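For reference, the structure discussed in these notes is given below.
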Amino acid sequence: MLKFARVTVNAAAKEPIWSYKVMENQTDSSTYLHYNHTDSCKDSRWTARECYEFMYDKRPWQKVHNFYLNLVNGRLPIHSLFGTERPSSKDTSVQFDAKSLEACEEVVELADGKNKNKKGRWARATYKIVLSYHGDSFDGWQKQPGLNAVQSVVERSIGSFIDEFKAQKLKDKSLPLEACVAVAGRTDKGVTALNQVCSFFTWRNDIKTQDVEDAINSASPGKLRVVSASKVSRDFHPNFSAKWRRYFYIFPIIDLENEGIGSGKNDENSNFKEQHSELKNGCLNVEEKDEYLVVDAETGVECRNKPRSFSVKRVNELLLQLQGKSLSYRMFARDTKASRSMGPPTECFIYHARATEARLPLIEEVCGNDNRGQKVMCVELIGNRFLRRMVRVLVATTIREAAAGADDEALLNLMEATCRRATAPPAPPDGLCLLDVGYEEFNPENTLIR
């Protein structure tokens, strides 16, 4: 069971008053909200700060960056994480053979003749572009002043393909010659994409898809690459036409966690004294009867050592509880508008949710001088939609619950919480990748982790 508590701080006395409602007579006070977990593993659950440090401290994220960079540039396939036997050759979705798919769409469009010999607004041509870009090289997808966003680079690259009427309007307003691009999903800074889908339209009929590819590929070589470009129906929209999205998260495992990672044992706790001999995470360690207790520096509450490793198998078991269900993920979202905090706007259907162990492939560009590949945990999530930062919060929270030894319905119980502090802070964007976007019904056979 989960319990919500409210803390009111008196500005004059600077003393905390623990209560469930704000004092009526206080005129100058600030209210801070904390989420109290009351289940059996509450003392083993990491705080938000401890989650953050576990995710970031001494973790080899650079190896994940390098691996994603090889994927973006086509030097490695994504299934190299699991060996050459997976996926099967007939699994074209996982193989990301987007070229043939785009060719088929273009043939259908021409055969349909829907827009053939049309004039005015019906003569508008829509181009679908599948992009691959390295998250660490850009400041996210959405363009913002002074930032190197993917959207800005793409729109500048294809600015020469817009029609004369729009070009003249931009010139009259002293604006740069840029196209307007729609996208399947905006990625945050640091998030990689292997098959991001975007589109733009124009009234020009002399544009070749190869020209579009060449224009974008020359903008940021080695960081941004066009997988395919094709002319599609004017009804196509990369976001609203999509039926599912596939995200992939790679979490590097440090050496101290390797022994207990598969079994769920917390072997890293044996080094607790050496690792935490000083004040850290707001906790002070004391020795009592050969057992180490943790004393919170603020509350003075004692608790046993918290785990420093987790079981990948347990993470997979927790994620399985979400599969095949339409649930509200508002507790796992961040920075969403108030109108999207309740009801259908927060409901997502997860088709596939799995986690497994793997190793980054043994390639010099990826592993440097290491004599074996970096051990990682891979998480694959496929859903009809995802809220902002939902995947990163879900990965971090699942790791936290697996380490704490929570029961199978831990994630489902958190969805009934009343405060987003019940879930963990987002996992680093370095490990997240948008693998692809689907415009046909989801096929359970087309998955990486089974």
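The values are calculated or read from the model by the stated rules, or taken from the named source; none is laboratory data. This is a predicted model, so every value here is computed, not measured. FYI the Cβ positions are ideal-geometry reconstructions off the backbone, even for glycines, and counts take in every protein chain you see. For accessibility, only protein heavy atoms count, side chains too; no ligands or nucleic acids. Shrake-Rupley method; radii C 1.70, N 1.55, O 1.52, S 1.80 Å.
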Enumerate the calculated ³J(HN,Hα) couplings along the range 42-51 in order (Karplus 6.51 cos²θ - 1.76 cosθ + 1.60, θ = phi - 60°), each rounded to whole Hz, writing x wherever the residue is Gly or Pro.
5, 6, 9, 7, 5, 6, 4, 5, 5, 4
Summed over the other residues with a beta carbon less than 9 angstrom from that of Arg246, with K and R at +1 and D and E at -1, the charge totals -1
From the cross-link list Lys63/Lys208; Lys243/Lys325; Lys63/Lys313; Lys208/Lys243, which pairs have alpha carbons spaced over 26 Å apart?
Lys63/Lys208; Lys208/Lys243
Distant-in-sequence amide H partners of Tyr439 (H built 1.01 Å from N, under 5 Å):
Lys243
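Report Rg(Cα)/(2.2 N^0.38 Å) for the range 130-239, keeping two decimals. Walk me through the numbers before you get to the answer.
Values: Rg = 13.6 Å, N = 110, 2.2 N^0.38 = 13.1 Å.
Against the empirical 2.2 N^0.38 Å value, I get 1.04 for the range 130-239.
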Output wanted: per-residue J couplings in Hz (rounded whole) for the range 437-450, from phi through Karplus 6.51 cos²θ - 1.76 cosθ + 1.60, θ = phi - 60°, x for Gly and Pro.
10, x, 10, 10, 4, 5, 10, x, 6, 8, 10, 8, 10, 10
For a label point 7 Å along the Cα-to-beta-carbon line of Arg124, residues of the range 231-256 with backbone N under 20 Å
231-242
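With all protein chains present and a 1.4 Å probe, how do Tyr247, Tyr133 order by accessible area, largest first?
Working: Tyr247 30, Tyr133 0 Å².
From most accessible down to least: Tyr247, Tyr133.
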Modelled FRET efficiency - R0 56 Å, Tyr56 with Ser174, Cβ distances, 0.05 increments:
0.80
